[in-house]
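These notes are about the structure you will find just below.
We did not get these values from a lab; they are worked out from the coordinates using the rules stated. Being a predicted model, the structure only gives us computed values, none of them experimental.
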């Protein structure tokens, strides 16, 4: 089975966030970088499935040159080869444009299963995976906790609300988005790190893939929340004032 796992490089969790001078994004000059956590779980799920059914795991990553570090980490953990879509800076923030680029990059691969994380830690749209499924014309399922082979297809376990789960059988090829915490992540071994240096990384400039269509999302401005103080005096009796206070706390402050 050919499994493609889409991964993303995001700022490390202990990075100090500061808005850049143009107020369009975060100043990332001094950031540390790591693999997006949900994508790490998608990679682990793909590697475990490969161990059960045999085949290969191909990682797909869009990002600048520094994303190569995250790609090598995925290869060191057991992925067989990689496709690096080379972009400027962090790459497109529009999930539709990104999904179209990824679909173009995978045209020659013909994967049986495409896996992504549920969402990214930096932007958190939770849309790239499902849009990619639509662009590629694949059936998809989200919030996946477990994947098993079922005849010619797969059976997946979806996480619902209040401790409920749903089991769905899907034909292949298909796409799934994986939930964080679904399994225990593996570490790259010393041998895996050495082998990663010799594994194939196919580099594809983003310009060759195009970005057909106008961006559907634009970030105009980002800023830190402003701290303000506001006082309000409730008229009426003590009982009436308490009722008004409870209403404010419940429906405006949403703390009770």
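Percent of alpha carbon pairs in the range 186-243 separated by more than 15 Å? List each step's numbers first, then the result.
Details: 1328 of 1653 pairs.
The answer is 80 percent, as a whole percent.
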Equivalent-ellipsoid semi-axes of the range 63-193, from the Cα gyration tensor, Å, largest first: 24, 19, 16
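Among DSSP beta bridges whose residues both lie in the range 2-209, state the antiparallel percentage, nearest 5. Please list the in-between numbers first.
Working: 16 of 44 bridges.
That works out to approximately 35 percent antiparallel.
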Rounded to the nearest 10 degrees, what's the angle between the helix 67-77 long axis and the longest principal axis of the chain, both from Cα atoms, 0 to 90? 60 degrees
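Over the chain, calculate the relative contact order: mean separation of alpha carbon pairs under 8 Å at least 6 apart, over the residue count, as a percent.
Working: 478 pairs, mean separation 59.3, N = 256.
Relative CO of the chain lands at 23 percent.
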Can you give the Kirkwood hydrodynamic radius of the range 126-256 from its Cα pairs, in Å with one decimal? 21.4 Å
Percent breakdown of C-alpha pair distances by 10 Å bin, ordered from the shortest bin, for the range 14-86: 18, 41, 27, 12, 4, 0
How big is the range 84-135 in terms of Cα radius of gyration and Dmax, in angstroms? 11.1, 31
Degrees, to the nearest 10: 95-105 long Cα axis against longest axis of the chain: 0 degrees
In whole angstrom, how far apart do the alpha carbon centroids of the range 101-117 and the range 1-73 sit? 16 Å
